[in-house]
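The values are calculated or read from the model by the stated rules, or taken from the named source; none is laboratory data. It should be emphasised that the depicted structure is a prediction, and the values quoted were computed from it without experimental measurement. Using ideal geometry, Cβ is built from the backbone for each residue, glycine included, and neighbour counts are taken over all protein chains shown.
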Amino acid sequence: MIVLAIGTLQIALILGGVLLLLLFPIMALISVLKNEFPGNDKIVWVLLIIFLPFLGALLYFLIGRGRKK
């Protein structure tokens, strides 16, 4: 039988990772909703971030921020 010992460092890393995965898309959504985009770009970014949270947020921060008005 294998016993897994999880220490304080592992718990902190797991919680930090989960917080990052939750905070990143929320920050992207706030940024999208605060700014203006041409055409239907705002709707597309919101849907992308909602349905693909981490990837959508990453794409927004890499590509989308430069496309705002």
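Of everything listed in (1) of a type outside the set (S, T, N, Q); (2) at pLDDT below 90; (3) under 12 Å from the mean Cα position of the chain (by Cα), the single unmet condition for Leu9 is (3).
Residues that are of a type outside the set (Phe, Trp, Tyr) and loosely packed, with under 10 Cβ neighbours inside 10 Å: does the range 10-31 have at least one? Spell out the reasoning first.
At the first step, the residues of the range 10-31 found to be of a type outside the set (Phe, Trp, Tyr) are 10-23, 25-31.
Now restrict to residues that are loosely packed, with under 10 Cβ neighbours inside 10 Å: none.
No: the range 10-31 contains no residue that is of a type outside the set (Phe, Trp, Tyr) and loosely packed, with under 10 Cβ neighbours inside 10 Å.
Please determine whether any residue of the range 57-66 is of a type in the set (D, E, K, R) and either touching a residue at least 24 places away in the same chain (Cβ under 8 Å) or loosely packed, with under 15 Cβ neighbours inside 10 Å (or both). Within the range 57-66, one or more residues are of a type in the set (D, E, K, R) and either touching a residue at least 24 places away in the same chain (Cβ under 8 Å) or loosely packed, with under 15 Cβ neighbours inside 10 Å (or both). When the range 20-44 is limited to residues that are modelled with pLDDT under 90 and among the hydrophobic types (A, V, I, L, M, F, W, C), the one that is nearest to Ile63 (Cα to Cα) turns out to be Phe37.
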